[in-house]
Amino acid sequence: FIKVNGIEYQASRKNSLLGLNKFYATIIIDLETATTENGKLNVAAFLKKRNTNEITYRNAALIQLISKPTDDDEKKVELEIVTYHIYWNSENEGRIEKHVPLKIGKGYENKIKYIYHDKKGVEYEIATLEFHEITEKANGERFNKLPITNNEIVSEEMVKEGQTQRRIIYKNGDIAEYGINKGQYFWRIYKALNTKTVLVRMPDSLNLKSLNIGYNFQDTLRRYCHPDCFAGLIGALAEIKRMDVISTGMCFKYGSCFPSKTHPNGDSIDTIYFKTQAEEQKKIDAFRKFYFNYIIAGVYEWYNLLKCDSHDVDHNDHLHCGNFSAKAIVIK
């Protein structure tokens with residue numbers, strides 16, 4: 001955007017100023033060559049490439065600007081923080097967009113914002129969360145006794161984190177956690193992979209009466225998840241419009257997730273069942289709508305009648321929604 005005589009102008013073509021923003025850090029308008037015609041401004045410009053001192057003078061063709069920017073372009077320029085926009089979209093399909101600014105604003109380097117758009121297009125600002133980087137972990141392997149290993153131990157501590165009572169962190173990034181689940185004590189080892197990911201710290205609870213959504217955690221400190229998954233969770237909560245969702249967690253800040261096997265890196269969430277089959281089926285459908293692709297229910301009474309991907313006795317006390325599809329998110 002530039003201002004001439006109090007009027008704001010913006011690029012109108014793909015190869016004009018707005019498109020070049022992706023490749024050039026600085027755009028200097030040459031106002032001495034500017035001409036106006038029918039409310040439009042024609043200019044030439046100096047363009048400084050990112051991470052170099054190279055400057056190009058665009059005088060072969062004047063760059064045409066229009067006087068009124070579109071809403072999307074205006075938001076792109078003003079955006080200083082990575083922002084997820086979660087849309088109701090349609091009855092059967094949600095939509096999540098991840099808007100990444102050209103430059104992160106000062107103070108927002110490790111933060112992410114979430115905004116929900118309802119059926120009528122009304123926006124609700126949900127939360128701004130901090131994120132941190134971790135080494136990705138593989139699914140947890142179960143052991144009754146901790147295996148002997150040559151891996152150097154970086155830290156070992158007793159903890160009180162829900163069912164988790166002990167944690168060992170190895171120099172190679174592996175994590176071993178010990179605790180109790182369903183009356184049995186055991187270890188799980190989450191091996192470090194060769195890739196990085198990020199996790200956000202979820203709010204301890206959510207209570208948005210304006211949107212009629214909310215959740216609380218129960219008996220867990222697994223209150224971290226991948227940023228994409230939190231967007232999916234917000235979409236699912238807004239779909240069912242319930243204030244009483246109870247979660248038993250996603251993952252710890254390290255990416256580990258005792259006692260679960262399949263929650264590393266925060267791409268899965270457990271929730272306590274609602275009171276009726278109809279209520280629970282709506283929850284399943286809502287998670288499915290917002291990209292959770294593998295859902296496991298129990299086999300107790302009507303749990304076995306729920307339409308999901310699998311039924312397992314280990315899930316008689318909670319619903320598992322996992323395998324979040326990050327590929328479904330549109331990056332802008």
Exercise for the section: Only Lys, Arg, Asp and Glu count, each charged at its Cβ (+1, +1, -1, -1), so figure out the dipole size of the range 196-332 about its Cα centre, rounded to 20 debye. Expected result: 620
Fill in the blank from the handout: Everything considered on the Cα gyration tensor (a ≥ b ≥ c; rounded for a/c under 1.5, else prolate if a/b is larger than b/c, else oblate), the range 243-332 must be described as oblate
Problem - Ordering of 202-214, 239-251, 98-110 by packing [mean C-beta count within 10 Å, highest first] - result: 239-251, 202-214, 98-110
Fill in the blank from the handout: The answer for the range 93-220, accessible area per residue at 1.4 Å probe in Å², is 59
Exercise for the section: Set the Förster distance to 35 Å, then compute FRET efficiency between residue 146 and residue 313 from the Cβ-Cβ distance, nearest 0.05. Expected result: 0.85
Exercise for the section: Hey, for a label at residue 127 modelled as a point 7 Å past Cα toward Cβ, could you say which residues of the range 203-231 have their backbone N under 14 Å away? Expected result: 203-209, 213-218, 221-231
Exercise for the section: Quote the FRET efficiency, to the nearest 0.05, computed for residue 120 versus residue 160 with a Förster distance R0 of 35 Å and r equal to the Cβ-Cβ distance. Expected result: 0.20
Problem - Residue-span extension gain [residue 253 to residue 201] - 0.36 nm each, minus C-alpha spacing - result: 17.9 nm
Handout entry: Per-pair calculated FRET efficiency, R0 = 45 Å: residue 180 and residue 305 via Cβ, rounded to 0.05
Key = 0.90
Exercise for the section: State the extension gain, in nm to one decimal, for the chain segment bounded by residue 110 and residue 136, taking 0.36 nm per residue of separation less the distance between their alpha-carbons. Expected result: 7.5 nm
Handout entry: Surrounding net charge for residue 265, when Lys and Arg each add one and Asp and Glu each subtract one, Cβ distance under 9 Å
Key = -1
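The values are calculated or read from the model by the stated rules, or taken from the named source; none is laboratory data. The structure displayed is predicted, hence computed values, not measured ones. Every residue, glycine as well, gets a Cβ built from its backbone with ideal geometry; the counts of neighbours run over all protein chains shown. Please note that ligands, DNA and RNA were not included when accessible areas were found on the heavy atoms of the full protein model with its side chains. Shrake-Rupley method; radii C 1.70, N 1.55, O 1.52, S 1.80 Å.
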